[in-house]
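Have a look at the structure below, then the notes.
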Amino acid sequence: RSRRPRTFNEKVVYKIHRDRRSLLVTFADKVDARRYVMAKAPTCGLTTVYAVTADLATVDRATLPRQLVVKASHASGGVLLVADWAPLENRTPQPSDGLCRATVHPDRLDWEQLIETTTSWLRTPYTGPLGEWAYSQVPPRLLLEELLTSDRGQSPTDFKFWVFHGRCRLVEVASDRFGVLGEEFFTTAWETVDDGPSGARSARPTRRPETLDAMIDIAEALGAETDFVRVDLYDVDGRIVFGELTNYPGGGSDAVDTRQLDERLGAHWTVPRRYRDLSDP
């Protein structure tokens, strides 16, 4: 809990232990974050919502589409993609799987099992490995929403914009997140970041998306009121769609695992001695 953090990871840990602004709760809440996006970045698309509920048993399965996403609002985890591209051997998660991230084919979805599992999700408090405060303030709910699909019939590429004091400094590209994960790191000028994290790299470098400038504008609008947030967006055939807002990438431990990038990103981030809500005098 250094009072003088220097690197990115050190500053994430500092934020975890010191930042108690209500804005972080809004970012962490998968339901309320959508309202923030509508207010701050109205040009950004949102997924269609089928239901928000504290009890999946109250939702009529027959009213839902064949493919969809089920998410717990209060955790980094507790996500199920019901997708035609999911392997047929995958099973519906069970309570013993915890707040997992999983996929299941619609023909293999056990709705009664999912009710039991999501009930367990909502009863499970979540604060992450280092006590990530914002999650503990989010009311546990389920968000049932549209499944986004790429032109290849799979989960679309995830563009993650690392925004410091309203300026995007790094673009992370995650492809095939539910298959063989590929990761790449770029500057906003779409130059490869060679000292990026050491995870698996994509076999085919991602081309600069035509919507990049628009996505950066959206990310910077969403990050304008805070010192740091990671903004996750999708480009689905030219349609920019909001993913999530992340206060604490990697919990301050493994989002950045090279010393060079840890120090470079840390230099973009000035943490305040005291965090204040916008309503504070």
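The values are calculated or read from the model by the stated rules, or taken from the named source; none is laboratory data. Fair warning: this is a prediction, and the values are worked out from it, not measured in the lab. So basically every Cβ, Gly included, is an ideal-geometry build from the backbone, and we count neighbours across all protein chains shown. Please note that ligands, DNA and RNA were not included when accessible areas were found on the heavy atoms of the full protein model with its side chains. Shrake-Rupley method; radii C 1.70, N 1.55, O 1.52, S 1.80 Å.
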When the Cα centres of region 113-129 and region 210-281 are compared, how far apart do they sit, in Å?
-> 27 Å
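Express in nm, to one decimal, how much length is gained between THR149 and ALA267 on full extension, taking 0.36 nm for each residue of separation and deducting their alpha carbon distance.
Values: separation 118, 0.36 × 118 = 42.48 nm, distance 3.65 nm.
Working it through step by step, the gained length comes to 38.8 nm.
Semi-axes, largest first, in whole Å: what does sqrt of 5 times each Cα gyration tensor eigenvalue give for region 114-184?
Details: eigenvalues 143, 94, 27 Å².
Its equivalent ellipsoid spans semi-axes of 27, 22, 12 Å.
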Contour excess over end-to-end distance, with Cα ends at ASP107 and ARG4 and 0.36 nm allotted per residue | 31.7 nm
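Can you compute the FRET efficiency between THR119 and ASN90 using 1/(1 + (r/R0)^6), with r the Cβ-Cβ distance and R0 = 22 Å? Round to the nearest 0.05. Mind showing how you got there, number by number?
Working: r = 21 Å, r/R0 = 0.93.
About 0.60, to the nearest 0.05.
For the full complex of protein chains and a 1.4 angstrom probe, list VAL241, VAL271 by accessible area with the highest value first. Present the calculation step by step, with values, prior to reporting the outcome.
Working: VAL241 0, VAL271 30 Å².
Largest to smallest exposure gives the sequence VAL271, VAL241.
Ranked from the most accessible area to the least, with a 1.4 Å probe and all protein chains present, what is the order of MET215, MET38? Don't skip to the answer; put the middle values down first.
On the way: MET215 0, MET38 115 Å².
I get MET38, MET215, largest accessible area first.
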Taking R0 as 22 Å, what's the FRET efficiency between ASP213 and ARG276 from their Cβ-Cβ distance, rounded to 0.05?
-> 0.10
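Within the chain, what percent of beta bridges assigned by DSSP are antiparallel, to the nearest 5?
85 percent
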Please work out how much accessible surface ARG167 shows to a 1.4 Å probe, ignoring ligands, DNA and RNA, in Å² rounded to 10.
-> 120 Å²
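Could you check what % of the DSSP bridge pairs in region 1-115 are antiparallel, to the nearest 5? Please list the in-between numbers first.
Working: 4 of 8 bridges.
Roughly 50 percent of the beta bridges in region 1-115 run antiparallel, per DSSP.
Need the full-extension length gain, HIS17 to THR187, defined as separation in residues times 0.36 nm minus the C-alpha distance. One decimal, nm. Don't jump to the answer; show the numbers that get you there.
Values: separation 170, 0.36 × 170 = 61.20 nm, distance 2.92 nm.
Net length gain for the segment: 58.3 nm.
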Leaving ligands, DNA and RNA out of it, work out the accessible area of TYR126 with a 1.4 Å probe and give it in Å² to the nearest 10.
-> 50 Å²
Of LEU46, LEU130, LEU99, which has the largest mean-square fluctuation in a 10 Å C-alpha GNM of the chain?
-> LEU130
In nanometres, what is the gap between the two model label sites at ASP97 and ARG35, each 7 Å from Cα along Cα-to-Cβ?
-> 3.1 nm
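Going down the table (LYS30/LYS160; LYS40/LYS71; LYS15/LYS160; LYS15/LYS40), which pairs top 21 Å between alpha carbons?
Values: LYS30/LYS160 16 Å; LYS40/LYS71 23 Å; LYS15/LYS160 19 Å; LYS15/LYS40 23 Å.
Too far apart for the 21 Å limit: LYS40/LYS71; LYS15/LYS40.
Where Lys and Arg each count +1 and Asp and Glu each count -1, what net charge lies around ASP107 among other residues with Cβ under 13 Å from its Cβ? Please list the in-between numbers first.
On the way: positive: ARG66, ARG91, ARG108; negative: ASP84, GLU89, ASP110.
Net of charged neighbours comes to 0.
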